[in-house]
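This report refers to the structure that appears directly beneath it.
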Amino acid sequence: MAKKNFSMYDEFEYRGYWYLPSNPDNKVAGVLSFSMEGIDLELFGTLHDDFGMNKPLEVEVILGDCEEKITLLNGFQTRFTFGKQTSSEYTFNRMIIGKHFNNIEEIQFYSISVSYSYMEEWMGYHPFVDTHEFDGENTTKVTKVGTTYSFPPIFTVDIPSIEAEIKADYRFNTGGKQYKTRTFEHSGYLSIKPYKEQTLSWFLDTVSSLQDLISLLMDFPVYPMRIRAKGEIVNEKHNYRENVQIFLLPLDEYFRRKIKTQDMLFRLPEIEGKMDVLLNKWFESKTNPAYKLYLENVYSNFNNPKVAFVNYTKALESFHRKTTEDNGKYIDDEEYEKVKEEIIKSLPRDLSGDLRTSIINSFQYAHHFSFRKRVKEMTREMDEKVNNLVLGKIKLSEFAGLVVDNRNYYTHYGNKPKNLLTGWDLDSLSNKVKVIAAYHLLKMIGIDDELFLSSITGSKLERKLKRDIEALKLHQSN
């Protein structure tokens with residue numbers, strides 16, 4: 001097998017012998033297939049006495065002796081055929097190429113490097129420069145042509161909250177056929193190095209969190225393409241460590257398409273001086289559910305303005321609740337308990353049990369700000385220029401009414417409000433709410449007003465906002 005630098009969206013096979021860590025003497029020939037269909041193993045025999053006839057047979061680990069050592073993780077048997085020729089099939093969630101592990105608990109690594117889709121475009125560094133040499137002063141006659149590769153600058157950030165260091169990393173490969181071709185390949189990575197060795201699940205959680213951060217910064221979905229891990233030292237003299245590849249299930253949501261610079265909200269060159277702040281604040285605030293709600297739209301592979309609009313409103317409300325806490329209430333909890341008690345006392349005594357319970361429950365959060373007030377506050381708190389870009393000549397009270405009424409309808413589908421928006425008009429409103437949510441989410445992790453405004457100035461988003469203002473004004477006047 002010539003190609004070793006597989007990505008999670010390549011298709012490949014490994015042929016060899018497979019066995020359970022608990023029974024290494026029982027090795028069965030088989031073929032491992034990796035594709036968009038999953039991680040599947042077909043064996044020309046079986047590894048189990050219990051054939052899994054009555055229930056799915058779960059398998060924690062299967063090991064493979066192929067061109068490379070392979071560890072298959074978190075699987076179950078999908079088919080078993082017993083007869084003249086016994087065979088069985090398994091499917092797995094994860095795979096490690098390069099080392100055997102007997103169980104999940106013993107899987108620990110020194111560091112991991114991950115390359116996401118569009119990583120090179122996001123990093124925005126051009127490492128290749130073409131060179132030409134001429135015949136003396138005769139600039140029409142070229143005597144030598146070449147290409148030079150310059151190693152990119154890197155950043156390193158210490159993140160105490162997760163007890164790890166994250167840095168930009170790069171890989172450069174060259175190859176070709178003798179006398180015919182020469183190829184250069186540059187790949188961008190992010191390296192995660194904890195203060196002490198960590199488990200596979202810890203690393204994968206961190207990989208997922210970084211994926212969300214880059215997708216948020218780009219306003220474009222990225223996915224892990226290659227994950228390489230370093231393990232134990234195998235050469236102390238040169239401090240050389242084991243090098244393995246980790247494969248996860250390919251995601252159907254992944255779709256490779258060309259991306260333009262103007263499609264990205266923020267690229268690394270624009271925020272490189274802020275990476276220390278961004279990464280540290282991100283890992284401190286990553287539990288904020290507003291980010292997940294916002295990113296649902298970034299990752300979605302469909303164009304549904306109703307779903308997008310509701311998700312942005314949920315992100316906006318969730319963010320305000322999480323960040324304001326007691327400041328997002330008309331009165332504090334202790335004082336409200338007294339008010340609620342008086343309200344409950346005033347209820348008619350002959351109310352049925354279920355109705356009475358329902359009314360009492362409706363008072364539970366009555367002292368919290370209404371969604372309308374949250375929309376107004378988050379819009380008002382934005383930078384003046386961003387605020388003007390979003391609202392234009394629309395009054396804040398009218399804007400908040402549009403957001404609330406349309407959110408309520410598309411969440412519950414009750415009575416249609418008079419200011420119901422559909423199609424392009426709803427998409428217009430959705431873009432406005434998106435900017436408000438993005439402004440606050442990004443500011444929370446260190447993107448200042450000037451940087452945010454510069455990122456949308458001259459972009460397609462700015463043109464949409466300006467066009468959208470006219471669409472909403474027209475709708476309101478009818």
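Summary table
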quantity: Yes/no for Ile154 being crowded, with 17+ Cβ neighbours inside 10 Å and at pLDDT 85 or above; calculated: no
quantity: Filter result for Glu133 (in contact with a strand residue (DSSP E or B) (Cβ under 9 Å, 6 or more places away or on another chain), touching a residue at least 60 places away in the same chain (Cβ under 8 Å) and outside any loop (DSSP other than H, G, I, E, B)); calculated: no
quantity: Residue match in segment 366-373 (condition: aromatic (Phe, Trp, Tyr), modelled with pLDDT of 90 or more and within 17 Å of Lys322 (Cβ to Cβ)); calculated: yes
quantity: The listed residue being of a type in the set (Lys, Arg) and within 17 Å of the chain's Cα centre (by Cα), out of Arg256, Arg228, Arg171; calculated: Arg256
quantity: For Glu341: the one exception among (1) farther than 30 Å from Asp212 by Cβ; (2) modelled with pLDDT of 85 or more; calculated: (2)
quantity: Unmet requirement for Thr324, which otherwise passes all of (1) open to solvent by 20 Å² or more (accessible area, probe 1.4 Å); (2) under 23 Å from Ser454 (Cβ atoms); calculated: (2)
quantity: Every residue from segment 378-403 that is small (Gly, Ala, Ser) and either within 30 Å of the chain's Cα centre (by Cα) or open to solvent by less than 20 Å² (accessible area, probe 1.4 Å) (or both); calculated: Ala400, Gly401
quantity: Matching entry among Asp25, Asp10, Asp49 (being at pLDDT below 95, part of a strand (DSSP E or B) and either of a type outside the set (S, T, N, Q) or touching a Cys at 6+ places or on another chain (Cβ under 6 Å) (or both)); calculated: Asp25
quantity: Restricting segment 30-46 to residues that are out of contact with any Gly (no Cβ under 7 Å at 6 or more places or on another chain) and not in a loop (DSSP other than H, G, I, E, B), the residue that is nearest to Phe82 (Cα to Cα); calculated: Gly30
quantity: Qualifying strands (runs of 3 or more DSSP E) (wholly inside segment 161-258; at least 2 residues being open to solvent by less than 70 Å² (accessible area, probe 1.4 Å), over 23 Å from Met95 (Cα atoms) and modelled with pLDDT of 95 or more); calculated: 164-175
quantity: All helices (runs of 4 or more DSSP H) inside segment 340-392 with 2 or more residues being within 30 Å of Tyr439 (Cβ to Cβ) and either without any contact (Cβ under 8 Å) to a residue 40 or more places away in the chain or not small (Gly, Ala, Ser) (or both); calculated: 371-380, 384-391
quantity: Condition met for Lys3 (under 34 Å from the mean Cα position of the chain (by Cα), open to solvent by 40 Å² or more (accessible area, probe 1.4 Å) and at pLDDT 95 or above); calculated: no
quantity: Per-region count, segment 330-358, residues small (Gly, Ala, Ser) and within 44 Å of the chain's Cα centre (by Cα); calculated: 1
quantity: Any pair with Cβ under 6 angstrom, 6 or more apart, that starts in segment 244-272 at a residue that is charged (D, E, K, R) and ends at one that is outside any helix (DSSP H, G or I); calculated: Glu253/Asn301; Arg267/Gly124
quantity: Sole exception among (1) under 26 Å from Ile107 (Cβ atoms); (2) over 15 Å from the mean Cα position of the chain (by Cα) for Leu190, by number; calculated: (2)
quantity: Residues (acidic (Asp, Glu) and surrounded by 17 or more Cβ atoms within 10 Å (Cβ to Cβ)) located in segment 61-106; calculated: none
quantity: For Glu67: the one exception among (1) closer than 23 Å to Asn26 by Cβ; (2) part of a loop (DSSP other than H, G, I, E, B); (3) within 30 Å of the chain's Cα centre (by Cα); calculated: (3)
quantity: Residue in segment 109-122 that is under 24 Å from Ile246 (Cα atoms), assigned to a loop (DSSP other than H, G, I, E, B), in contact with a strand residue (DSSP E or B) (Cβ under 6 Å, 6 or more places away or on another chain) and touching a residue at least 12 places away in the same chain (Cβ under 8 Å) present; calculated: yes
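One line per residue, one yes/no per condition, for (1) touching a Cys at 6+ places or on another chain (Cβ under 9 Å); (2) assigned to a loop (DSSP other than H, G, I, E, B); (3) charged (D, E, K, R):
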| position | (1), (2), (3) |
| --- | --- |
| Asn408 | no, no, no |
| Leu421 | no, yes, no |
| Val435 | no, no, no |
| Glu450 | no, no, yes |
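One line per residue, one yes/no per condition, for (1) part of a helix (DSSP H, G or I); (2) over 22 Å from Leu213 (Cβ atoms); (3) in contact with a strand residue (DSSP E or B) (Cβ under 9 Å, 6 or more places away or on another chain); (4) in contact (Cβ under 8 Å) with a residue 60 or more places away in the chain:
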residue	(1), (2), (3), (4)
Lys281	yes, no, no, yes
Leu295	yes, no, no, yes
Val298	yes, no, no, yes
Val310	yes, yes, no, yes
Ala315	yes, no, no, yes
Ser318	yes, no, no, no
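The values are calculated or read from the model by the stated rules, or taken from the named source; none is laboratory data. Computed from a prediction, not measured in an experiment: that's the story for all the values here. With ideal geometry, Cβ positions are generated from the backbone for all residues, glycine too; neighbour counts draw on all protein chains shown. Please note that ligands, DNA and RNA were not included when accessible areas were found on the heavy atoms of the full protein model with its side chains. Shrake-Rupley method; radii C 1.70, N 1.55, O 1.52, S 1.80 Å.
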